[in-house]
Amino acid sequence: MPRQHQHDSPKKNWFIGSVLSGLHVSEAARLHHIPQCTACSLWHKFEETGSTHARPRSGVPRTVTPRMTHAIIGNSMTPEISASSVRRALVATGRHHCKARNVVYLTKAHKAACKKWAMKYKDYGAEDWEHIIWLDECYVYMGDDCGTVWVTRSAGKEYNEDCVILTFKQSSVCVMVWACIMESWKGPLVVLEYPGGQGGGMTAKRSQDQVLEGPLHYFYMQMAKTTTKWLEQNSVATFLHPASSPDLSPIEPLWKTLKSHIRTWPHPPSSLDKLKLAVREAWDAVSVDDVNKHVRHMEDCVKALIAAKGVPSTN
C-alpha cells in the first residue's frame with residue numbers, strides 16, 4: 001500500500017487560518033494545494049479537538065511514561081521510542097543539550113584541600129578579597145582550540161563531573177607568560193624567557209630573575225622553596241592556595257579571555273615572535289572591569305566550593 005503524503009504543521013495551520021478567516025474549506029484547500037478529502041478531514045479534526053496534530057496510532061508508544069523518563073535520565077535502558085521523544089522527555093525535566101565544560105582533573109586529595117581552603121576563607125568579605133594580589137603563569141601555544149563538546153544536562157549542573165571535559169597540564173608549549181592582578185588594578189604581563197631543552201626549563205632561579213627581582217617585584221602564589229626564602233627575606237606575606245585549583249583564582253578566567261582575543265586574529269600566530277606579540281596585545285585588551293568582575297566573585301566562589309564539597313565551580 002503506497003504511503004500517504006504527510007502535510008507539515010505550518011501548511012495545516014495556514015489552511016485552518018484561511019478557513020477561520022472566512023474562506024470555504026474547498027477554497028482554502030485549493031489555495032494551499034491540499035486534496036479536498038484531506039482538507040475536510042483536517043477541518044473536522046480541528047472542530048473536534050482544536051488541533052491538527054495526528055491522533056495516537058498503534059505501534060510504538062507516543063507517550064513517555066514517568067518510568068521511561070527515569071530510565072532515560074539514568075541511562076539504564078534503551079527505550080523503544082524515537083530520538084525526538086527522548087529529547088522532549090529530557091526537556092520536560094529541565095535537561096538540555098549543552099556544551100561540556102573543561103575543568104582540571106582533581107583527585108580526592110585535591111578536592112579535600114580545596115574544601116579545607118574554602119572553609120578557612122569562608123568569612124572573608126569584599127574588603128578582604130580586594131587587598132589580595134593574584135598572580136599566575138600560563139602557557140600559550142598555537143592551535144589550542146579543541147572544538148566544542150555537547151552534553152545534555154539540567155540548569156546549574158554545568159560543573160557536574162559527568163558534564164565536563166577533563167583537562168590535564170600541558171607541557172608542550174610555545175610561550176610561557178606571567179601576570180598579576182588586584183581589584184581595580186591590572187599588572188603588566190611578562191613573557192618569560194628560557195632556553196628550553198634539557199635543564200633549560202623555567203626554574204625557580206629564572207622566575208626570580210625575570211619576575212621577583214625584576215621591575216614587578218611581585219611573587220608566585222605557588223612557589224619553590226628558594227622562592228619562599230626570597231619572599232621571607234623581602235617580608236612579602238603569602239596567601240596560601242591549594243594546588244590544581246584554577247577555579248579558585250580570579251586571574252584564571254583572564255587567561256581564557258586572553259586566548260579568546262588571540263583566536264580573533266584574522267591570521268593566527270605562526271611563529272614564536274608573532275605569538276609573543278599576540279599575547280601582549282591580548283593582555284592589553286583585557287580591561288580592569290574584567291579583573292574586577294572575577295575578583296568580586298570570590299565570595300560566591302568560596303560558598304559554591306563548600307556546597308560542592310571541593311569540586312570545581314564557576315569563577
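What list do you get for I132, I34 if you sort them by fewest beta carbons within 10 Å?
Working: I132 16, I34 21.
Going from least to most buried by this count: I132, I34.
Loop-located trypsin sites (Lys or Arg not before Pro) across the stretch 258-300 with a Cβ neighbour count of 16 or fewer within 10 Å are R296, with loop assigned by DSSP.
Let me know the shape class of the stretch 9-49, please: from the alpha-carbon gyration tensor, a ≥ b ≥ c as square roots of the eigenvalues, rounded when a/c is under 1.5, otherwise prolate if a/b is greater than b/c, or oblate. Because its axes are fairly even, with a/c under 1.5, the stretch 9-49 counts as rounded.
Using Cβ contacts closer than 10 Å as the measure, can you line up S18, S249, S51 from fewest to most? Mind showing how you got there, number by number?
Numbers: S18 17, S249 22, S51 12.
Ranked by crowding around the Cβ, least crowded first: S51, S18, S249.
Of the residues F239, F15, F46, the one with the fewest other Cβ atoms within 10 Å heads the list, and the complete ranking is F239, F46, F15.
Could you tell me which of the pairs K157/K259; K116/K256; K186/K256; K108/K303; K205/K256; K99/K157 are separated by over 22 angstrom between their Cα atoms in the structure shown? Correct reply: K157/K259; K116/K256; K205/K256.
Only lysines eight or more places from K12 in sequence, or on another chain, were considered; those with a Cα closer than 22 Å are K45.
Rule-based calculations on the coordinates, nothing more; no lab input. Because the structure is a prediction, the values reported are computed rather than measured. Neighbour counts run over all protein chains shown; Cβ positions are idealised from the backbone, glycine included.
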